[in-house]
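Asks: The following block contains the structure, expressed as structure tokens.
Where a number appears in this text, it was derived from the coordinates with a stated rule and is not lab data. Keep in mind the model is a prediction, meaning the values are calculated, not measured. Glycine also receives a Cβ, built like all others from the backbone with ideal geometry; neighbour counts cover every protein chain displayed.
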Amino acid sequence: MALLDVNRLTVSLTTKTGTLDAVSDLTFSLEPGRTVGLVGESGAGKSMIGRTIAQLLPPGFAVSGGALMFDGEDLVTMAPDRRRALLGRDIAFIPQEPLSALNPVLTIGQQFREHLDHIGKGGAGWKDRAVAEMEAVRLTDPRGLLDRYPHQLSGGMCQRVLIAMAFASRPRLLIADEPTTALDVSVQAQIVRLIAEMQERDGTAVIFITHDLRLAAEICDEVIVLYAGRQAEYGPAEVLFRTPAHPYTRCLELAVPDVAGAPRGLYLLPERMPGLKAIAELTGCRFAGRCPLADARCRAEEPALAEVGAGHVSACWKSFATEAIAPPQAPDRVATGQEKILEAQGLTKSFVTKWRMFRGATLFHALKSADFIVRDAEFVGVVGESGSGKSTLARTLIGLETPTSGALELLGRDITGTDGGTRDWRQAQMQIVFQDPQSALNPRRKVGTIVGQALEVEVPRPAGAEIEARIRQLLSETGLSQEMVARYPSQLSGGQKQRVNIARALCRLPRLLIADEIASGLDVSVQAQLLNLLLRLRAELGFSMLFISHDLAVVRYLCDRVLVMSKGEIVESGATEDVFANPRHPYTRSLLAAVPKGVRQPAMTEAST
Amino acid sequence: MEKRFFWLRSGRVITGLSIIALLVICALFAPWLAPNDPTEQDILNTLVPPVWQTGGDWTFPLGTDGLGRCVLSRIIYGSRIALTVAVFGALGAMILGSVLAHIAGYFGGWVDWVIGRVVEIWLSFPPVILSLILMVGLGAGLQNVILAIIVVDWTRFCRVLRSDVMVVARRDYVAAARLLGFSHWRTVTREILPATLPLLITLMSLEMGVAVVVEAILSFVGMSVGAEVPAWGQMIADARADIYQAPWTLILPILAIFVTVFGFNILGDGLRRTLDTRLTQTERA
């Protein structure tokens, strides 16, 4: 008998006007030792299952139908005492944000002890048990870690501590909600391998929630693709990834660029996933509005899950035709000019970490002698893990930090000076697009005034009508509708905010854009739209860009050249295709190896058998 | 327009505003509202009880004090002093404190260090003693009371606002504004001030309540306005002698102070709840 049996589970939100389903008729079962992946974009309802089991549903949401059987007991109707006894002991969780899941004011030891007490393994000798659990997840010096606080540990280490805690009770079911999203790729690979190892040791069943189809295909036995709260497709991971039957799965896969293989375009899913309200008003297939194969029947009748192969089901009328969805042509490469836009020579930035009288300062070298050139209409990618100095490079180039030494020339003019004239000129020629659109847009300004902000201080100040016209032009260039002018940032979606962010930077037609992780944290379909927008804007306006990202596939799709950074140094640089096809530096190779490719790793296949 | 006045929907704000509106009316129309001259002594009618007690008289609705002065008239006239001090004292403290807070929080570094140390030294003086010393040095008078309140209480604004300014100044949109060529002045007034304004208004409202209390303390010990001007603290001080024969002469001014401070505080609390985005974000989302 299956350990977890989810049968037509429906979770709905009750509002004044009625009930809206966030998850409808979710059905799957999970055997001990197996892994099921829940994949989908934000809003697909993939986190709801974990929240239902933990009884952590957001206010207003409740299970309105179906059963959630854990080892023969229904978790939905179970007495709260019984559920508390199961949670943390038989059912364990690994959260998305390791740093916020640990209490910052308690040491790792205190938190570990609390957990051991809860699962009945506390008491004398808890320390040895905690150390043994931490050794199992290959944390070095676990005894020393017990006295440390979470902020003294890296994200990867925190996640290991949480995994050690989760597996301390030898759980029968583990729910991992995007456990690696906040981590670097190479750390992600280690964490994923670790979960698989622990799973094999204890025969644990795992529900792995992720937005990354490739990662799911690599580590899961079965994958469920969710769309707007409904199962679109369910099947063995490899089959589902190689030959997807549902058009949504196919489009999702084609919306993400690859790190290897022939260059291709990104499939652009139009618009967005319908919200809860829109779903309730839909009659046919929920994906019909965005589906390239949709016809009249799709819009009228909702398809049920139908078998398309061994253990492989798909909720689509046209599963057989899915293969026909082809990726678009690779975008045309714009010929880059020869003119040097930006030239950095020996650019260095050091921070004083400690300063003592008579002994001088202790320095941290965030950027060690960087040399590079950005040419006309060229997109240069900067890749590296967190802490590699990517963001320091961006802040130094734009002038938020003053370089410690080195030369920096913009269009042949030295811009290391800080006098007003140089600053104004630099700001007109070079602009930055910040990473987090939430923080980069003033919540109290309307979109129109944000976009036209740069013109407010131009001397002489342009006429009102002129500013207005420029705002409208920028909005249409970045694919935003004209009525956005009067909206506030909080009324926009993540992708729209990022477009506003770009429009503001382009206001005075700079020659160079610095983009700091602007595509991360967005859903894949939104990311694809954004990347294509940048390519189109370059073709229209002809600017250069320094594109900082941890996502190698995105850099490969977008950039002509790439700089690989590690520990403040540029360790490799060259034309993107060359670097990705023949990485020379071991660091580049390890970065590329850590990217999920949708193929089961040999070590992991072993682990799951 | 409906959206602009959303904060008027809060019950706390309405309550606070009504109390304050009542006070403002009392202060503005004191000569017409007061039944008697507040300073006129009537030796034949000392310690007359309020009308609802036996021996009460409609000539003096709330009775008279030990010198035969009308309590109601004195309370009505006393609101003039209380409100003037509340408005100008709080306004002055707010301007001084918030300007320094924005400078410290925005520029950081040594500027922040210097302002932070000044605030700390300032806070190490007990506020009541400091204001008494100031009043002794400056002499009695309405302007000097206001000055004393500003000098003592600006630190409150500076401390609380500085941390808010620091949080906002670290947002990327502030950096973006600088990079688009905004001057420091424009960045602070256009990008930071709108975000700190809700806190500023809230603090201002609370500070008005504090100013009323400080003025009462000062006038209680006879260091506020001169003895010829009616003030609530002074009334309490005068009533101490007859506390057993005529408790109302003591209770009524205390009640006036209580209601006034309550009005400012509940307004401040209501504004904090409706204007502070950190509290309302989850509700409105």
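Asks: Could you tell me whether region A:209-310 comes out rounded, prolate or oblate from its Cα gyration tensor? Rule is a ≥ b ≥ c as square roots of the eigenvalues, rounded for a/c under 1.5, then prolate if a/b exceeds b/c, otherwise oblate.
Replies: Working: a/c = 1.82, a/b = 1.41, b/c = 1.29.
Because a/c hits 1.5 or more and a/b exceeds b/c, region A:209-310 counts as prolate.
Asks: Taking neighbour counts of Cβ atoms within 10 Å as a proxy for exposure, in what order, fewest first, do A:S590, A:S169 appear?
Replies: On the way: A:S590 15, A:S169 20.
The most exposed by this proxy come first: A:S590, A:S169.
Asks: Any chance you could list P(r) for region A:1-73, counting all Cα-Cα pairs in 10 angstrom bins from zero, rounded to whole %?
Replies: Whole-percent P(r) values from 0 Å outward: 19, 52, 25, 4, 0.
Asks: Here's another thing I want to ask about it. For region A:321-394, report the % of Cα-Cα distances exceeding 20 Å.
Replies: Numbers: 1565 of 2701 pairs.
Pairs farther apart than 20 Å: 58 percent.
Asks: Across bins of 5 angstrom width beginning at 0, how are the C-alpha pair distances of region B:1-74 distributed, in whole percent?
Replies: 3, 16, 17, 14, 12, 11, 8, 7, 5, 4, 2, 0
Asks: Less than 14 Å Cβ to Cβ from B:F88, Lys/Arg counted +1 and Asp/Glu -1: what total charge do the surrounding residues give?
Replies: Computed value for this residue: -2.
Asks: Could you give the alpha-carbon Rg of region B:9-284 over 2.2 N^0.38 Å, rounded to two decimals? Don't jump to the answer; show the numbers that get you there.
Replies: Details: Rg = 22.2 Å, N = 276, 2.2 N^0.38 = 18.6 Å.
Dividing the Cα Rg of region B:9-284 by 2.2 N^0.38 Å gives 1.19.
Asks: Over all distinct alpha-carbon pairs, what is the Kirkwood Rh of region A:92-131 in angstrom?
Replies: On the way: mean 1/r = 0.0911 Å⁻¹.
One decimal place: 11.0 Å for the Kirkwood radius.
Asks: Can you give the Rg to Rh ratio for region B:67-167, taking only C-alpha atoms and Rh from Kirkwood?
Replies: Numbers: Rg = 16.9 Å, Rh = 15.0 Å.
Taking Rg over the Kirkwood Rh, I get 1.12.
Asks: Express in % the proportion of alpha carbon pairs of the protein assembly as shown at distances exceeding 52 Å.
Replies: Working: 130158 of 399171 pairs.
For the protein assembly as shown, the fraction of Cα-Cα distances above 52 Å is 33 percent.
Asks: Cβ under 9 Å from A:L411's Cβ, A:L411 left aside: what net charge do those residues give with Lys, Arg +1 and Asp, Glu -1? List each step's numbers first, then the result.
Replies: Values: positive: A:K340, A:R413, A:R511; negative: A:E339, A:E409.
Local net charge: +1.
Asks: Using the structure shown, select from A:K354/A:K567; A:K46/A:K277; A:K368/A:K497; A:K340/A:K567; A:K368/A:K390; A:K16/A:K497 the pairs with a Cα to Cα distance greater than 22 angstrom. All intermediate terms of the calculation are to be shown ahead of the outcome.
Replies: Details: A:K354/A:K567 19 Å; A:K46/A:K277 18 Å; A:K368/A:K497 34 Å; A:K340/A:K567 27 Å; A:K368/A:K390 11 Å; A:K16/A:K497 30 Å.
Pairs exceeding the cut-off: A:K368/A:K497; A:K340/A:K567; A:K16/A:K497.
Asks: For B:Y77, B:Y173, which order do you get if you count the other beta carbons within 10 Å of each Cβ and list the fewest first? Can you show the working numbers first?
Replies: On the way: B:Y77 23, B:Y173 27.
Ordered by Cβ neighbours within 10 Å, fewest first: B:Y77, B:Y173.
Asks: Per the helix-only calculation at 222 nm, which mean residue ellipticity applies to chain A, given -39500 (n - 2.57) for every DSSP H run of n ≥ 4 and division by its residues, nearest 500 deg cm²/dmol?
Replies: For chain A, the value works out to -9500 deg cm²/dmol.
Asks: Moving on. What are the extents of the Cα atoms of region A:367-488 along their three principal axes, listed from largest to smallest and rounded to whole Å?
Replies: 46, 35, 28
Asks: Which semi-axis lengths, in whole Å and largest first, follow from the square roots of five times the eigenvalues of the Cα gyration tensor of region A:48-115?
Replies: Whole-Å semi-axes of the equivalent ellipsoid: 26, 15, 10.
Asks: Something else now. Treating only the Cα positions of region A:516-609 as identical point scatterers, give the base-10 log of I(q)/I(0) from the Debye formula at each q in 0.14, 0.15, 0.23, 0.24 Å⁻¹.
Replies: Each listed q corresponds, in turn, to -0.63, -0.71, -1.25, -1.29.
Asks: Per residue and in cubic angstrom, what volume does the convex hull of the Cα atoms of region A:276-365 have? Display every interim value, and only then the final one.
Replies: Numbers: hull volume 31.5 nm³, N = 90.
Here the figure is 350 Å³ per residue.
Asks: Near the amide H of B:T64, under 5 Å away, which other amide H atoms are found, from residues 5 or more places off or on another chain, if H is placed in the peptide plane?
Replies: Under 5 Å from the amide H of B:T64: B:L47, B:V48, B:V71.
Asks: Report, in cubic angstrom per residue, the convex hull volume of the C-alpha atoms of region A:450-531. Intermediate results must be reported in sequence, preceding the final value.
Replies: Working: hull volume 8.4 nm³, N = 82.
Dividing the Cα hull volume of region A:450-531 by its residue count gives 103 Å³.
Asks: Let me ask something additional. Residues of region A:378-418 with the amide nitrogen closer than 15 Å to a label point 7 Å from the Cα of A:H365, along Cα-to-Cβ, please.
Replies: A:388-389, A:404-406
Asks: Which value, to two decimals, describes the C-alpha radius of gyration of region B:17-115 once divided by 2.2 N^0.38 Å? Walk me through the numbers before you get to the answer.
Replies: Numbers: Rg = 21.7 Å, N = 99, 2.2 N^0.38 = 12.6 Å.
The reported ratio for this selection is 1.72.
Asks: Let me ask another. Report, in deg cm²/dmol and to the nearest 500, the calculated mean residue ellipticity at 222 nm for chain B, where each DSSP H run with n ≥ 4 adds -39500 (n - 2.57) and the sum is divided by the residue count.
Replies: Numbers: 11 runs with 194 residues, N = 285.
The helix-only estimate for chain B comes to -23000 deg cm²/dmol at 222 nm.
Asks: How large is ³J(HN,Hα) for each residue in region A:77-89, as worked out from phi by the Karplus curve 6.51 cos²θ - 1.76 cosθ + 1.60 (θ = phi - 60°), to whole Hz, x for Gly and Pro?
Replies: These are the phi-based 3J(HN,Hα) values: 9, 4, 5, x, 4, 5, 5, 4, 5, 7, 5, x, 9 Hz.
Asks: Name the longest site-free stretch of chain A, where the excluded sites are trypsin sites (Lys or Arg not before Pro) in a DSSP loop with no more than 13 other beta-carbon atoms within 10 Å.
Replies: Numbers: sites that count: A:K16, A:R138, A:R333, A:R359, A:R584.
Here the longest segment lacking exposed loop sites spans A:360-583.
Asks: Here is a further query. Give the average over all directions of the projected area of the C-alpha convex hull of region B:130-285, one decimal, in nm².
Replies: Details: hull surface 50.2 nm².
About 12.6 nm², averaged over all directions.
Asks: When Lys and Arg each count +1 and Asp and Glu each count -1, what net charge do the other residues less than 10 Å away from A:C220, Cβ to Cβ, add up to? Could you put the intermediate results ahead of the total?
Replies: Working: positive: A:R34, A:R600; negative: A:E218, A:D221, A:E222, A:E238.
Local net charge: -2.
Asks: For all pairs of alpha-carbon atoms in region A:20-61, what percent lies in each bin of width 10 Å, listed from the first bin to the last filled one?
Replies: Over region A:20-61, the share of Cα pairs per 10 Å bin runs 22, 56, 20, 2 percent.
Asks: Using the count of nearby Cβ atoms within 10 Å as a rough guide to exposure, how do A:F358, B:F60, A:F208, A:F320 rank from fewest to most? Mind dumping the intermediate values first?
Replies: Numbers: A:F358 4, B:F60 23, A:F208 27, A:F320 11.
By the 10 Å Cβ count, ascending: A:F358, A:F320, B:F60, A:F208.
Asks: I would also like to ask the following. Round to the nearest 10 and give me the degree value, 0 to 90, for the angle of helix B:71-107's Cα axis relative to the longest principal axis of chain B.
Replies: The answer is roughly 10 degrees.
Asks: Remind me, what semi-axes does region A:145-249 give for its equivalent ellipsoid, largest first in whole Å, using sqrt of 5 times each Cα gyration tensor eigenvalue? Kindly include the intermediate steps, with their values, before the conclusion.
Replies: On the way: eigenvalues 163, 47, 27 Å².
Semi-axis lengths for region A:145-249 are 29, 15, 12 Å.
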